[in-house]
Amino acid sequence: MSKNAASMRFWCMVYVLLSPIAVNAYVVVPRKNAHKSFFSTSTAPLYMSNSEISDKTISHSLLDSRNILVVGGSGRVGGSVVTQLLSHDAIVTVGGTNVDSFEVSRARWMKLFPDLSERIQNQLKFVTLNREDTASISNTLEFSSQNFDLVVHTAGPFQGKAKTPNGVLQACVQNAVPYVDVCDDYCTAMAAKAKYANEAIGKSIPCIVSTGCWPGVSSLMAKQLTKKALEEHKELTPQDLNVDFSFFTAGSGGAGSTLLVATFLILAEKALTVVNGRRREVQAMKQYSTVNFGPIVGDKEVAHLNLLETASVHDVLGIGNTKSLFGTAPGFWNTLLGVMAQLPPSLLANEELMEKLAIFSLPIVRVVDFFAGATNAMRCDVTSDKASGLNLSALYAHENLEPCVGECVVAFCAAALSGRVKGGIWFPEEAINGGDDAAAVLKLAGIGAHTLEVCGEGLLKEDVWGI
């Protein structure tokens with residue numbers, strides 16, 4: 001998710017370049033790319049067995065009257081989840097540290113969603129908690145009158161948090177409450193899986209990490225396409241496939257300061273690619289190529305960025321060749337991103353400094369967003385050097401990143417409540433069975449998209465999008 005925010009940092013970059021005195025006032029500590037230590041060479045199956053799981057269909061009706069806690073719900077990402085859950089008749093509680101921030105967000109939501117204003121005003125609750133403190137979260141889960149059916153963790157940024165306690169996930173596993181988050185950092189997600197997966201499996205608690213539009217929906221797009229490719233070309237293995245992700249966000253996508261900070265942290269890293277099963281790092285936002293995102297969004301310039309999908313589809317699906325590309329608009333912002341990526345990683349990885357820069361830049365970002373819009377688009381292409389006729393693609397585009405994120409996360413919430421996700425801690429492509437289940441989730445996620453397309457011999461829209 002925060003990757004989507006990547007597009008707006010450029011103004012922050014300008015501030016960095018113009019303010020060497022302010023920058024030098026901070027002590028910065030280098031951050032290494034931790035994904036290396038977690039990378040697996042195993043090839044997990046493309047889809048799990050359907051034994052011992054519910055026969056329910058994954059749908060929005062599963063959210064009706066369910067008690068759901070959204071940690072970090074006052075932010076832009078969390079708020080998009082809150083309002084989407086309310087629109088599907090869930091009973092929502094927002095968890096956070098600052099009730100004043102919640103009240104500001106509540107007022108904003110009432111203006112944006114007048115049809116929900118009465119529920120937002122009278123039914124939406126707030127509870128004070130600390131996302132890193134397991135006892136704080138457990139106290140909320142154990143003593144709340146709500147009896148929560150699901151917890152959604154949206155309180156980022158998640159970058160560089162592999163060694164930071166995830167009190168939300170730990171409390172959910174301990175208290176047997178299903179869990180969904182929007183973690184967009186591979187090392188942080190893998191650390192959580194390593195710490196809590198066995199207990200979640202033992203208690204049959206479904207937990208889905210790294211959901212949203214990208215990662216999340218993008219990962220399921222790859223799963224559906226690779227499933228189709230291997231069915232049609234039985235001589236191929238996942239190692240023979242190329243999976244290329246391309247992402248575009250106009251302006252900042254309406255993101256808040258947390259997403260700006262997350263983008264800085266991503267720019268501090270080299271971009272991971274996988275070639276013939278071996279990982280390679282390349283400079284982020286340097287070499288651009290043109291990708292078409294459909295008739296409405298059109299051609300856009302994109303370049304390498306270190307996004308979670310690159311690692312997860314290799315690790316989970318066993319894909320032999322994969323990369324992730326990102327671009328933004330206006331076009332000169334791509335250039336600014338590239339310049340920012342040249343700054344010392346130790347500077348960009350200083351979260352405290354980046355928070356200050358993000359807050360400083362927000363007014364300028366909002367002005368640029370007014371003119372640039374907030375379009376979000378993602379494309380996944382599957383090919384193989386061993387099968388010249390294999391060329392499958394799926395395309396998703398939405399006019400506004402903010403509701404787009406909420407719609408995508410809520411689709412995974414429905415999956416977590418469906419009984420069709422086994423106990424454990426899973427990436428989206430692990431959690432959701434390929435075929436009908438993945439198509440059902442993608443159908444829900446695409447409810448507000450203006451473009452849902454597929455291309456490739458024998459590939460139908462229903463194969464990917466369920467429509």
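The values are calculated or read from the model by the stated rules, or taken from the named source; none is laboratory data. Because the structure is predicted, anything quoted here is derived from the model rather than measured. Glycine also receives a Cβ, built like all others from the backbone with ideal geometry; neighbour counts cover every protein chain displayed. SASA here: full protein model, heavy atoms, side chains in, ligands and nucleic acids out. Shrake-Rupley method; radii C 1.70, N 1.55, O 1.52, S 1.80 Å.
Annotations
- With Cα atoms defining each centre, region 62-78 and region 399-466 are spaced 18 Å apart in the structure.
- Estimated at the nearest 10 Å², the accessible area of R66 is 70 Å² with a 1.4 Å probe.
- Sorting 145-152, 164-171, 296-303, 410-417 by average packing, meaning the other beta carbons within 10 Å per residue, from highest down gives 410-417, 164-171, 145-152, 296-303.
- Between region 128-164 and region 276-310, the alpha-carbon center distance in angstrom: 34 Å
- These residues, V454, V243, go from largest to smallest accessible area, 1.4 Å probe, as V454, V243.
- Principal semi-axes in Å for region 375-467 [√(5λ), Cα gyration tensor, largest first]: 23, 18, 11
- Charge dipole (region 118-224, unit charges on Cβ, about Cα centre) - positive-most of T154, S204, P178: S204
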